Amino acid sequence: MKRIFLENVTGDYVTISGGDANHLARALRARRGDRITAVDGMGNCAVMELIDFDKETIKARRVSDISQIVRDKKIILADCLPKHNRFDNILEKATELGVDEIQPLISVRTVAKPFGVRAQARRERWNKIVKEAAEQCARDTIPEVKKLREFSDWLKEITPLDEDTLLLFCWEEEKETTVRKVLGACRDKNIIVLIGPEGGFSEHEAQAIKLAGGISVTLGKRILKTDTAAISVLAMINYERL
């Protein structure tokens, strides 16, 4: 059953418009009587029956009770912005792998540094990417894409870490501690996954992360690209939490 995100799923009737209506009517060739699963990103879920179509909107009637979605511990991806459009792929795959929040960062070695109008335009595109990915993989929530931040400012903001949160960062200088080893003793915590830019974290940044309570982890003998590293760690977390 097709799943879409709406602002409100608790009423008896809803109106679907914009890109969602266009996708249902044209791409999926939906018709009167078809049913969809509607979620609002806040934990509410309901089955809707499509009852009326016009040029720009679709009307639907709720045909099920409203169910509440139980959320697990959060996974946050804090990712230093890679070059070109590689972040688009990270957003899509991170959404598929269950990330709840995505924080793009600018660190010392970050090359791509969009600010102002460019940053706003990118954020709008990023939100569209995660919404489409969430619908495609039948998620109940859309990951929140935060405003682009300076790495140092973000690290100060999250410090000190609360007892229920684990901060992991991938560092090529780490040779022994693996993701599996850390998660084995911390299965019931919120997790922040911190990924550096193409050039990695500077020594000063790495030490600052450790002072903030971060745990450095290795991803093996090979040096992975920043987008590969992000997806790899999230896949490992999913595997360990199954």
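The values are calculated or read from the model by the stated rules, or taken from the named source; none is laboratory data. On a predicted model such as this, the values are computed, not experimentally measured, just so you know. Heads up, the Cβs are rebuilt from the backbone with ideal geometry, glycines too, and the neighbour counts pull from every protein chain shown.
The table for this structure:
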| quantity | calculated |
| --- | --- |
| Any hit, region 18-29, residues being over 27 Å from the mean Cα position of the chain (by Cα), of a type outside the set (A, V, I, L, M, F, W, C) and more than 12 Å from Ile4 (Cβ to Cβ) | yes |
| All positions within region 88-118 that are without any contact (Cβ under 8 Å) to a residue 24 or more places away in the chain and among the β-branched types (Val, Ile, Thr) | Val117 |
| Number of positions in region 185-209 that are of a type in the set (D, E, K, R) and touching a Ser or Thr at 6+ places or on another chain (Cβ under 7 Å) | 3 |
| Filter result for Asp153 (part of a helix (DSSP H, G or I), acidic (Asp, Glu) and closer than 30 Å to Arg187 by Cα) | yes |
| Lone unmet requirement of (1) in the same structural domain as Thr226 (by TED's automatic domain parsing); (2) modelled with pLDDT of 90 or more for Arg118 | (2) |
| Any hit, region 162-178, residues being surrounded by fewer than 16 Cβ atoms within 10 Å (Cβ to Cβ), within 21 Å of Ala94 (Cα to Cα) and in the same structural domain as Arg123 (by TED's automatic domain parsing) | yes |
| Close pairs from region 31-45: first surrounded by 17 or more Cβ atoms within 10 Å (Cβ to Cβ), partner among the aromatic types (Phe, Trp, Tyr), Cβ under 6 Å, at least 6 apart | Val39/Phe5; Gly41/Phe5 |
| Pairs with Cβ under 7 Å, 6+ apart, first in region 202-221 and in contact (Cβ under 8 Å) with a residue 60 or more places away in the chain, second surrounded by fewer than 19 Cβ atoms within 10 Å (Cβ to Cβ) and of a type in the set (A, V, I, L, M, F, W, C) | Ser202/Val108; Glu205/Val108 |
| Residue satisfying condition, being modelled with pLDDT of 95 or more, assigned by TED's automatic domain parsing to the domain that holds Arg118, aliphatic (A, V, I, L, M) and within 24 Å of Asp88 (Cα to Cα), within set Ile192, Ile223, Ile237, Ile209 | Ile192 |
| Matching residues in region 107-136 - criterion: being touching a helix residue (DSSP H, G or I) at 6+ places or on another chain (Cβ under 6 Å) and not in a loop (DSSP other than H, G, I, E, B) | Trp126, Ile129, Val130, Ala133, Ala134 |
| Flag if Ala119 is closer than 30 Å to Ile4 by Cα and either among the charged types (D, E, K, R) or in contact with a Leu (Cβ under 6 Å, 6 or more places away or on another chain) (or both) | yes |
| All positions within region 183-201 that are of a type in the set (A, V, I, L, M) and touching a residue at least 60 places away in the same chain (Cβ under 8 Å) | Ile191, Ile192, Val193, Leu194, Ile195 |
| Qualifying residue in region 114-125 (condition: under 14 Å from the mean Cα position of the chain (by Cα) and more than 19 Å from Asn8 (Cα to Cα)) | yes |
